[in-house]
Structure formats: C-alpha cells, structure tokens
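Notes to accompany the following structure.
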Amino acid sequence: MVDITNESNKTDLGTPALEQMYGKGVANAAAKQRRKKLGMTSEGRRAGWGTYLILTVTILIFLIPLYVAVSIASQASSSTQYGVQAMILGPGLFKNIARAFNAIKFWQALGGTLFVATIVSVSTVFFSTLAGYSFAKLRFRGRGILFTIVIGTMTIPQQLSVVPLYIMANKAGLFGSLWAVIIPSLVSAFGVFWMTQYLQDALPYELIEAARVDGCSMFRTFLSVAVPAARPAAAMLFLFTFIAQWTNYFWPMLILGPNKNSLLTVAAATLKGAYFTDYTMVMAGVVLTTFPLLLLFFVAGRQLVSGIMAGAVKG
C-alpha cells in the first residue's frame, strides 16, 4: 500500500508526482481513493442533490409497478383488486400465491424455463465469443461485409421473422416443443457485436502470436487465450441472455401450443380468464415468475455490473 502523503511534511502528493514516483497505476488508484474519501464521483466532483433526485425518481419508476403487482396479489378478494384499496397491501398474498402455484404447475414451468434459459445462454456466450474473436482478431476476406450483415440483422423487428419461423418450426415437427424456443435463439447478433467490440481492445495481438509460436492451433489459441480474456464480458452476456430468455413471452406463446405450462411467462398468462379475470391470482403468478429472477440478480448483480464496466473500458 503506497502512502500518498510525503513523509517529511505529511502533505498530499499530487497525481503527477505520484505518477512520476510510482507509475501511472499507483497514481490512478490514489486519485480514486482520494475522490472516494471526499465523496466525489469518478469525474472528480461531488454528487449533488440533483444526482440523488434523479436516482430516486429512477428507482421509483422501476419499483412502483412491482409494488402494484404485489399489492394486488395480496388482496383477500377479487372485489378489492381495483381502486385505491388495491394500492394498500392486504392479507391474502400467500394464499393467492399458493393458488397460482398450483394453477400454473410451477415446478414444471420453472424447470422448463431454467432448461431453456441455461441452454440458450451457454450457447449464445460460446458462439458469440467464437464469432467475436474471429471478427476482432482474424483477417479473412469479406470480414467487414459479414460483420455489417450481422449488425444489420439487429434492426429487423422480431415480429417480421415470426411467420417464417412458425412455418419452419411446423415443418420440422417442433410445434409445442421447447426446442422450437431454443433453436432460433442459440446465437444473437448483439452477442456477436458485444464480444467483437470487447475483444478488439482486451486481447492484444502479441498474446495470440505467442500462443501460435508455442504451437497452439487456431481453436486451442481461442480456448487458451481469447476465452480467459473475454470472461468479464462473457459473464455479462450470459446474465443478460438468461434474463431475456426468462422474460421471453411473444414467441413461446405462439409456438408452444397446448404446452403453455412449459414456461413461467406463458403459464402465468393462462391465469387470465375468458370472461372474468381475477387479477389477484394473475398478479400472484407475476410475483412467482419474477421472484427467482430477482433472486438471481441479487446474487449475481455485482458480476453483471463489473462485466458492464469492464466492457466500457478502452485500451
């Protein structure tokens, strides 16, 4: 631990002096420590009331819908699911959750959701890292055009691809199967773009050349050099993909047919009645669907934030 004060007069050493004496890394760490001690942001200024106001409003915007869902789910009777009374927590939350738990066959839906989200997330991370490494560090004819085409597919709305996907899934005999949800999502254009941008800065050519000199094949170089370097961004991509698949609704609702209890989001939608909807039960299903994801984010949220910050670092 380097003392950032001069031993003779105990005065603070400036960042240029620290950089000259100990190097740029120590100078940056000392500056960060000083800003943290003074309550400053990374830009070197104090966080004012406006910053806290914006953060508070942002948090409320995201928390209020969740509170409304929990509040409606806690009502003891369907007659109190509307109006001001529905905004006050009631005594029937666990009773309604138990009803929704049995109605949607929770364990079956949870298992199907975990199965789909895990396979799609692992596949997306692997293929996106492989493609990102190729686009970022390999030189081949047509690389720029292929990368542009991949990025261009991100502009196509999902609704435009539903009809051809539905026809192909039917012809392949996948209607009503979870594989009809998994196969179209095995790789994503965003994942390829993210890993390409990250590996361009995070993986020096010198490491690749050293691995090739040591006799590594192309794929072994990818596994031994590119994969460890891409780990922070890959963790972020895995979590984002997992969350996206957990909350996926539109395509599974169309393709699962009679097997709607196979995924949590689609199973929760079946709680809606044909003539009358008991929203206390529907919102209880929403709470059941959301809680595992909130638990995952609580456990892995730090890794998600660190992955985003690592991907934002240049150089």
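The values are calculated or read from the model by the stated rules, or taken from the named source; none is laboratory data. Being a predicted model, the structure only gives us computed values, none of them experimental. No Cβ is skipped: glycine too gets one built from the backbone with ideal geometry, and neighbour counts run over all protein chains shown.
The figures follow:
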quantity: Subset of the range 227-275 (residues that are in contact (Cβ under 8 Å) with a residue 12 or more places away in the chain and aromatic (Phe, Trp, Tyr)); calculated: 238, 240, 242, 246, 249, 250, 251
quantity: Residue in the range 137-160 that is in a loop (DSSP other than H, G, I, E, B), out of contact with any helix residue (DSSP H, G or I) (no Cβ under 8 Å at 6 or more places or on another chain) and among the basic types (Lys, Arg) present; calculated: yes
quantity: Single residue of the range 162-179 satisfying the filter (touching a residue at least 60 places away in the same chain (Cβ under 8 Å), aliphatic (A, V, I, L, M) and in a helix (DSSP H, G or I)) that is surrounded by the most Cβ atoms within 10 Å (Cβ to Cβ); calculated: 169
quantity: Enumeration of residues in the range 210-227 that are over 15 Å from residue 136 (Cα atoms) and of a type in the set (Ser, Thr, Tyr); calculated: 217, 224
quantity: Residues of the range 269-300 satisfying the condition of being of a type in the set (S, T, N, Q) and outside any helix (DSSP H, G or I); calculated: 270, 277
quantity: Output for the range 236-268, where each listed residue is of a type in the set (A, V, I, L, M), assigned to a helix (DSSP H, G or I) and surrounded by 18 or more Cβ atoms within 10 Å (Cβ to Cβ); calculated: 236, 237, 239, 255, 264, 266, 267, 268
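Yes/no matrix, rows are residues, columns are (1) in contact with a Leu (Cβ under 6 Å, 6 or more places away or on another chain); (2) of a type in the set (Val, Ile, Thr); (3) more than 28 Å from residue 157 (Cα to Cα):
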{"residue": "242", "(1), (2), (3)": "no, no, no"}
{"residue": "249", "(1), (2), (3)": "no, no, no"}
{"residue": "291", "(1), (2), (3)": "no, no, yes"}
{"residue": "295", "(1), (2), (3)": "no, no, yes"}
{"residue": "299", "(1), (2), (3)": "no, yes, yes"}
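Residue-wise test of (1) surrounded by 15 or more Cβ atoms within 10 Å (Cβ to Cβ); (2) over 23 Å from the mean Cα position of the chain (by Cα); (3) hydroxyl-bearing (Ser, Thr, Tyr); (4) not assigned by TED's automatic domain parsing to the domain that holds residue 288.
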residue	(1), (2), (3), (4)
109	yes, no, no, no
114	yes, no, no, no
120	yes, no, no, no
124	yes, no, yes, no
127	yes, no, no, no
138	no, yes, no, no
145	no, yes, no, no
156	no, no, no, no
